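The values are calculated or read from the model by the stated rules, or taken from the named source; none is laboratory data. Everything numeric here is computed off the predicted structure, so don't read it as measured data. Here Cβ is always computed from backbone atoms with ideal geometry, including for glycine, and neighbour counts include all displayed protein chains.
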Amino acid sequence: MTAAQVGTGQLPLVQMTGVTKHFPIQRGVMRRTVGHVRAVDGVDMTIPSGSSMGLVGESGSGKSTLGRLMLRLIEPTSGTIMFEDSDVTRLKARSLRRIRRHMQMVFQDPYSSMDPRSSVGDSVAEPLRTQLGLRGRELDERVADLFRLVRLSPTYRGRYPNEFSGGQLQRIAVARALATNPKLVVCDEPVSSLDVSTKAEVINLLADLQDELGIAYLFIAHDLGVVRHVSDRIGVMYLGRLVEEGDAEAVYSSPKHPYTQALLSAIPVPDPVVQRSRTRIVLEGDLPSPANPPSGCHFHTRCPYVMDVCRAVDPPLAVTSDGTRVFCHLIPPTGAEVLVPPAP
Amino acid sequence: MTDPIVALEPPELSSAVTTDELRSDELANTPTSWRRAVKRFVGMPVPMAAFLYIVLLLILTFFGHLIANHDPIDQTAHRFAGLSGNHWLGTDDLGRDTFSRLVVGTQVSIRSGFQAILQVLIIAMPIGLLAGYVGGKIDLVILRVMDAINSFPGLVSALAIASVLGPGLNNTIIAITFALIPGLVRLVRAQTLALREETYVEASRAIGTPIPTILRKRIVPGVLSPVIVATSLQLGYAILLEASLTFLGMGAQPPNPSWGNMLQRAFVFIFTEPLQVFIPAVAIALAILSFNLFGDGLRDALSQIEVKPPKGVKRGRLGLTSVKDATPETTQPAGTILAVQGLTVEFATPAGPLTVVTDVTFDVKPGEIVGLVGESGCGKSVTSSAIMRLIASPPGRITSGRVLFDGRDLLPLPFAEMRKIRGNDIAMVFQDPMSSLNPAFTIGNQLVEAIQLHREVSKADAETRATELLDLVGIPDARSRLKEYPHHLSGGMRQRVLIAMALVNDPKLVIADEPTTALDVTVQAQILELLKKLQREFHMAMILVTHDLGVVADICDRVAVMYAGEIVEQASVHELFANPRHPYTKALLGAIPQLAGSEDRLTTIPGVVPVPSLWPKGCRFSTRCEFVTDQCTAGPVPLEAAGAGQLVRCVRHDELAAQGAKVEA
Amino acid sequence: MAHLILRRLVALVPTMLLATFAVFGLITLVPGDAAQTLAGGDNATPERVAEVRKEMGLDKPFLVQYWNWLKGASHGDLGKSLASGNKITTELRQALPVSASIVLAAVILGLLFGVSAGVLAGMRPGSRLDRSLVGATTLGIAIPSFVAAMVLILLFAVQRRWFPAIGFTKFSDSPLQWLKSVTLPAIALSLGVAASIARQIRAALADVLGSAYIRTAWAKGGSTGRVVGKHALKNAAIPAVTVFALQVGSLLGGALIVENIFAIPGLGTYVLRGVLALDLPVIQGVALMFVLINVVLSLLVDISYGYLNPKVRVS
């Protein structure tokens, strides 16, 4: 049973199978490789067309790398990435450039993702020029439309990035990503550099645009609250691996993996009555280095329920009754629902 | 003189206001266009003078023979004739007119400078772009070759090449070109490499823009401005090399005049005719100086950072915020450990002083955790630094107010007194654990220093105390950590070290400025639990500066909400979340993406947080408030008492509270 | 440490080969004929020239010549000077200490004035003191060392006869005279070094003083001396070290002209004579010397980086 069938039943837009990215660690003058950072370590993931996948994890979890792999902005070490019916990992440079019309990206910090030397109108026009070959009046009109689409006046297009607030500029970055009517937009922490009041603006915009245009998102964030507002499905990553993936409602209301449980409980709720009555699962220790991840289940060094088998054997995939895919030894792969024991 | 490129120093940073409170204000409305750079350049007197001098040199290069009043190789005058109306700068040992030789000789220096630089640009730009953008083996080979050329001083390699090619100006120029190439290749390569990693270049790749277009539109424009600056500096160096080589007999050959061979010839007579040495020497030095000054000016004009000195704040003592009028001390309000009253802080900007924190008043009781919450630019961090007087003057200055701590006003204190309080009675924990520890010293060194600054204890005792504290904040194997450097530790561990450092002297008050913002969620949870535990054990008071209302809800007793440099609402934590009175607080609470209730749309606040120069008169939230009326903008709004010990800065708070009650009912 | 030195040396082998090979190739392009020169110039008989050519190995293919030279060099044999007939190693041994004493004196002066001016200016960027020091460094960088040398001669050897205008006295002959003969050339050379270092330290210090860890040091209750002298300076020195190394390299170039002006028999004078006489083995030998000096310099830079910045310390 694949995730696509579990999910909305639509055809998969993106299907990643066994995707791995190992960054070599090079030392010395001869740039000898002395090890590898396993940024992404064998991830299977499906994004049905028009749906939105939230990807959460802490720093070093490999979530951003996974997003870039999906667009092949970096080369995967192994695995396949099917976008509709073409394998992105095997495309030649030309076809890859062409397919990027259908898959775009919104980056974390709009001030660094927009060229400070180009006017914002020029940046929004770039995909229209290179992908659609638009010129002159037609180009102008399309740029103006895009500004209106993200609720900004087209009169702003002659201005430079440093004249905008973070929220405004991020909306312009969204306009650039939507210029070619893509089927998939990878949003890499699109609101984490913004303030609360502007954050809400961009989140609402992204949610509205998905409803209007039927785009699929891979929405990467470390803030589970943010992801919640735009995602149909949620994937949780830890040290390069997907540890849990399922329907957003299911993941939030009944997280299966001990890491997901800890992550959710770690976020302080902005309500003193609720927050002070919660019991927080405080994980011991630090995130291990992705250059030297623990054996077996990567989470075993910090897991409150660690067993011997966790240290030795990679946890198998288990699918629970609510359709969540979990990789944890506590949950047998039979599909039977087994609840994680309460915190000791 | 080294090849100036390799010795380029970073652009002027010191005069820039680095506080995030002023972010985007100074940078706004200034696109990095050449037009702006030219405008800024024209406003700088010294580089402009240098530029005019360069123009003069260029005129002499093209029209020198017209300006010269004698034939530069005519030997008919008296030898060393001295200064006269006919021979303005005298004559040389062969009776040639020095002024004419100087003027005509300009051509040699300037021409060789420009010609060499042009050749360098043509060769080095593509090589540098290739090495930087393609990288890999090609880059490695190019770097090795440049290293090899660079292993000889520029003058030595130029001399070697010139000697192989034989004397003469053109060969000298080739030699100079060769000596200058490595510097520019390295510069272009480094700049390309840096730009290639920029997110906006990655964005262009994600768009599917072809590489040649990326190079042309995204990389080259970024490489260009440092290259232009470097070129100007290299021109000076090229002129120096030409003069040196000619002085050694390699360049322009006699009898044709050049500054270098004039110097060479005159040097023989230095004891009797020092003036004839002095004249070409000054000409050479002035030319180099003008190209250097021109280049420095260009760099400043092109830099993103405002180079105009900020106006409005006088230079204060290093490490202590200046205070404009230290009002006489008043008595500490009963039952408080800290009372901040009417604190107002201004920053110097090129346009004059700008107030960033206005009339901030709040107090902290012993053992209490007070949250100072707001979005970036609201003045919360400035407020917390101002209490410890840690804002640099310039640009910052406290213009009025009182900071009463333990019966004393901190604002009139001299540095020596303030120093005894810092880290001893009041300690701080900063936002970014990565950069708040000195990378060059061990953890132990920094902890021991914190203890010994305030206590006369031996190093061994201090180390024992440091180990205890590291233990207390949950650092495993504390003793051996003392010998480690900050970069050995993770972010969470470093924050623990900083917390330990704050606690070494049992402070009465800890000011924590966004202590968990830079950390991952699970690590943030650890640190929050740690802070709660320590606060229970030590009973110290704490000010927690944060933008995260979840963190506030978790650990604060009371909260002050800041907006645009003012406190807009102050209340107990339960009251604030249950009954927010100020429209901003209300909107802020609605705008937080939460774990539960995802189906609701988030409340948005229209517009953006105004920068200090654009703060509205009257209520500063009035431009974004949905309940705004004329009375809101009429004048400053006072902080008024409302409800159970709450304070609100809103003229309509009673009205709105009543309305809210009605709606709910 | 030994490991670091070894690795550094190994890494520099390709650079050294490349550099010496380039010099070798360059020299063979020289229009003059070394054998002809050696055989007695234009009057030499063709037989004599051919004999000399064979004797010197100049009839062999280019690569063989280079290989033979390399073999010799690895045994410390750099051949004989064409002009004087002396062993080059002997001549280098005489010239090197002379240059070294001037360059070292210049380095010490440059460091002394550069660091103190840089610290004074960097502590108070924008102040009157800062602006005048920055102005002085601009002059120091722009004035070529040979111009400075001439002005110094004019002022202190011609007008006031405090120092000798030309010549060099060995330390072993008369320490006082040695000091006098070294002073003016060293000052002339040190101006650029001092100015560059001052600028670097100033910029880095001004930058570092605004950093988070300096704020931590103030917040701890640190005194000015401790915060600036301990916490800031060690970090601000890192970029200055790079510039310093480059400056020392260029000092050697400057020494070439300054030695010529002061008529000092150092490396500069030696290589200049070699270049003018197209004395191939001499140029080759001095080139190797420069490369070696560079190796030592970059090694020193690496070691001081390790001290200043623990992050790059090699484990």
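One residue stands out among those in region B:229-247 that are within 9 Å of another protein chain (Cβ to nearest Cβ) and more than 37 Å from the chain's Cα centre (by Cα): the one that is surrounded by the most Cβ atoms within 10 Å (Cβ to Cβ), which is B:A243. When region B:250-272 is filtered for residues that are under 24 Å from C:I166 (Cα atoms) and in contact with a helix residue (DSSP H, G or I) (Cβ under 7 Å, 6 or more places away or on another chain), the ones remaining, listed by number, are B:M250, B:W259, B:G260, B:N261, B:M262, B:L263, B:Q264, B:A266, B:F267, B:F269, B:I270, B:F271.
Taking region B:313-423 and the strands (runs of 3 or more DSSP E) fully enclosed by it, the elements with 1 or more residues that are in contact with a helix residue (DSSP H, G or I) (Cβ under 8 Å, 6 or more places away or on another chain) and under 28 Å from C:A206 (Cβ atoms) are at B:338-349, B:352-364, B:396-405. The criterion of being modelled with pLDDT under 90 and within 20 Å of A:D271 (Cβ to Cβ) does not hold for B:S613.
From the list A:R142, A:R137, A:R129, the one residue that fits, being in a helix (DSSP H, G or I), under 28 Å from the mean Cα position of the chain (by Cα) and not small (G, A, S), is A:R129. Which ones in region B:130-163 are of a type in the set (A, V, I, L, M), closer than 26 Å to C:A245 by Cα and more than 14 Å from chain C (Cβ to nearest Cβ)? Listed by number, the list holds a single entry, B:A131.
Assess whether B:L576 counts as being more than 9 Å from chain A (Cβ to nearest Cβ), modelled with pLDDT of 90 or more and out of contact with any helix residue (DSSP H, G or I) (no Cβ under 6 Å at 6 or more places or on another chain).
It is false that B:L576 is more than 9 Å from chain A (Cβ to nearest Cβ), modelled with pLDDT of 90 or more and out of contact with any helix residue (DSSP H, G or I) (no Cβ under 6 Å at 6 or more places or on another chain).
Pairs linking a residue in region A:268-290 that is assigned to a helix (DSSP H, G or I) to a residue that is surrounded by 18 or more Cβ atoms within 10 Å (Cβ to Cβ), with Cβ atoms under 6 Å and 6 or more positions apart or on different chains, are A:P272/B:A553; A:P272/B:V573; A:P272/B:F577; A:Q275/A:P268; A:Q275/A:V269; A:Q275/B:A553; A:Q275/B:D554.
Look through region A:235-271, keep the residues that are among the hydroxyl-bearing types (S, T, Y) and surrounded by 22 or more Cβ atoms within 10 Å (Cβ to Cβ), and return whichever of them is farthest from A:D286 (Cα to Cα). Here the residue is A:T260. Scanning region B:504-516 for residues that are in contact with a helix residue (DSSP H, G or I) (Cβ under 8 Å, 6 or more places away or on another chain) and either surrounded by fewer than 24 Cβ atoms within 10 Å (Cβ to Cβ) or not small (G, A, S) (or both) yields B:V504, B:N505, B:D506, B:V510, B:I511, B:D513, B:E514, B:P515, B:T516. When the criteria are applied in full, A:R302 meets the requirement of being under 18 Å from A:K256 (Cα atoms), modelled with pLDDT of 90 or more and among the basic types (K, R). Inside region B:265-285, can you point out the residues that are more than 10 Å from every other protein chain (Cβ to nearest Cβ) and either crowded, with 23+ Cβ neighbours inside 10 Å or aromatic (F, W, Y) (or both)? Scanning region B:265-285 gives B:F269, B:Q276. Candidates in region B:416-443 are the residues that are over 15 Å from C:Y213 (Cα atoms), more than 8 Å from chain C (Cβ to nearest Cβ) and not charged (D, E, K, R); of these, the one that is surrounded by the most Cβ atoms within 10 Å (Cβ to Cβ) is B:I426. When we screen B:L193, B:L184 for residues that are within 30 Å of A:H102 (Cα to Cα), touching a residue at least 40 places away in the same chain (Cβ under 8 Å) and in contact with a helix residue (DSSP H, G or I) (Cβ under 8 Å, 6 or more places away or on another chain), the only hit is B:L193.
Quick grid of which residues meet (1) free of Cβ contacts under 8 Å to residues at least 40 places away in the same chain; (2) among the hydrophobic types (A, V, I, L, M, F, W, C); (3) closer than 28 Å to B:L165 by Cα:
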residue: C:L209; (1), (2), (3): no, yes, no
residue: C:A217; (1), (2), (3): yes, yes, no
residue: C:Y270; (1), (2), (3): no, no, yes
residue: C:L278; (1), (2), (3): no, yes, yes
residue: C:V301; (1), (2), (3): no, yes, no
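Only one entry in C:F156, C:F113, C:F171 is touching a residue at least 24 places away in the same chain (Cβ under 8 Å), away from chain B (no Cβ under 14 Å) and farther than 23 Å from C:F244 by Cα, namely C:F171. Within region B:452-468, the set of residues being part of a helix (DSSP H, G or I) and away from chain C (no Cβ under 14 Å) comprises B:K459, B:A460, B:D461, B:E463, B:T464, B:R465, B:T467, B:E468.
At least 1 residues being under 12 Å from B:G371 (Cβ atoms) and of a type in the set (K, R) is the threshold, and among the strands (runs of 3 or more DSSP E) wholly inside region B:520-635 those reaching it are B:558-563. Within region B:519-531, the set of residues being at the interface with chain A (Cβ under 10 Å from one of its Cβ atoms), under 13 Å from B:G474 (Cβ atoms), touching a residue at least 12 places away in the same chain (Cβ under 8 Å) and not β-branched (V, I, T) comprises B:Q526, B:L528, B:L530. Sub-6 Å Cβ pairs linking a first residue in region B:63-85 that is more than 22 Å from B:T272 (Cα to Cα) to a second residue that is acidic (D, E) and not in a helix (DSSP H, G or I), at least 6 apart or interchain, are B:H70/B:D97, ordered by first then second residue. When C:A263 is tested against the conditions (1) surrounded by fewer than 20 Cβ atoms within 10 Å (Cβ to Cβ); (2) without any contact (Cβ under 8 Å) to a residue 24 or more places away in the chain, the lone failure is (2). Taken over region A:97-138, the criterion of being at the interface with chain B (Cβ under 8 Å from one of its Cβ atoms) and acidic (D, E) is satisfied by A:D109, A:D115, A:E126. The helices (runs of 4 or more DSSP H) found wholly in region C:1-109 and carrying at least 2 residues that are within 14 Å of another protein chain (Cβ to nearest Cβ) and either more than 18 Å from C:N294 (Cα to Cα) or at pLDDT 70 or above (or both) occupy C:2-28, C:34-38. Residue-level check: of (1) among the basic types (K, R); (2) more than 10 Å from every other protein chain (Cβ to nearest Cβ); (3) touching a residue at least 24 places away in the same chain (Cβ under 8 Å), C:K180 misses just (3).
Screening A:I220 against (1) facing chain B (nearest Cβ under 8 Å); (2) β-branched (V, I, T); (3) touching a Leu at 6+ places or on another chain (Cβ under 7 Å) leaves a single unmet condition, (1).
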